[in-house]
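Structure first, commentary second.
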Amino acid sequence: MAKKILIISASPRKSGNSDLLCDQFTLGAWESGHNVEKIFLRSEKIKYCIGCGNCIETGKCVQKDSMNEILTKMVDADVLVFATPVYFYAMNGQLKTFIDRTVPRYREFKGKIYFIATCADPEQSAVEGTVSDFRGFLACATGLEEAGMIFGLGVWNVGDVVNNPAMLQAYQAGKNS
Ligand SMILES: Cc1cc2nc3c(=O)[nH]c(=O)nc-3n(C[C@H](O)[C@H](O)[C@H](O)COP(=O)(O)O)c2cc1C
């Protein structure tokens, strides 16, 4: 059955390494007949969570920006994909800011979630902090099932990931999603 897949791409670099892995995931998912939408966070207006707590009562954020619409798409999705570059051995600020703004509706998320991260460091240990950040989100969004992680290691410049094994892994994850 065709699934609704929503990809959140957090790199500020268009066609950057993590973004290219998102596109490989999309290719695989299309081949399996799924519907895919990618949201490029750089193109959206997303303010910081102000911690006011109003959303706990109302289910809506008091701030007017892109988030209410994106949250509706996340609740509707069968599969989520989060993709980030590693910045200072953590997820980047764009993805963290976005995750903080899921408070109004994260309890409604369901289905599978995949995680994509890229970094210049070639060691697998370089993504540990970033994975831990991601799992902190999953510890709260308990309706989501961690379905797979794809790491593009040893990639610095835009496009370095093209010859990396992560390309095939992302494609296959999309195909099996
Ligand atoms: C602000 C900043 C911080 C970074 N910190 C790290 C780091 O801690 N470890 C690392 O291996 N690479 C680090 N990098 C390199 C990026 O993770 C790498 O270039 C990645 O492939 C970028 O992904 P993108 O092309 O999707 O933006 C950093 C890059 C920037 C711009």
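Looking across Ala117, Ala83, one residue alone is open to solvent by less than 10 Å² (accessible area, probe 1.4 Å), more than 15 Å from Leu144 (Cβ to Cβ), touching a Cys at 6+ places or on another chain (Cβ under 9 Å) and within 13 Å of the ligand (Cβ to nearest atom). It is Ala83. Selection within the range 22-56: residues that are small (Gly, Ala, Ser) and assigned to a helix (DSSP H, G or I). The member of this set that is farthest from Val79 (Cα to Cα) is Ser43. Taken together, Val103, Val131 contain a single residue that is free of Cβ contacts under 8 Å to residues at least 24 places away in the same chain and out of contact with any His (no Cβ under 7 Å at 6 or more places or on another chain), which is Val131. If you go through the range 62-81 and keep only what is closer than 28 Å to Phe25 by Cβ and assigned to a loop (DSSP other than H, G, I, E, B), you end up with Asp65, Ser66, Ala77, Asp78. Only one of the listed residues (Glu37, Glu44, Glu69, Glu57) is surrounded by fewer than 16 Cβ atoms within 10 Å (Cβ to Cβ) and under 13 Å from the mean Cα position of the chain (by Cα). That residue is Glu37.
Taking only the range 139-157 into account, find how many residues are more than 16 Å from the ligand (Cβ to nearest atom) and open to solvent by 50 Å² or more (accessible area, probe 1.4 Å).
So the count comes out to 5.
Identify, please: which residue in the range 2-21 is farther than 20 Å from Met74 by Cα and touching an Asp or Glu at 6+ places or on another chain (Cβ under 9 Å) and is, among those, most open to solvent (accessible area, probe 1.4 Å)? Only one residue fits best here, namely Arg13.
Counting residues in the range 91-104 that are within 9 Å of the ligand (Cβ to nearest atom), touching a helix residue (DSSP H, G or I) at 6+ places or on another chain (Cβ under 8 Å) and of a type in the set (Phe, Trp, Tyr) gives zero.
The values are calculated or read from the model by the stated rules, or taken from the named source; none is laboratory data. As the structure is a prediction and not an experimental result, all values here were calculated from the model. Here the Cβ is made from the backbone with ideal geometry for all residues, glycine too, and neighbour counts use every protein chain on show. Areas reflect the complete protein model, heavy atoms only, side chains present, ligands, DNA and RNA absent. Shrake-Rupley method; radii C 1.70, N 1.55, O 1.52, S 1.80 Å.
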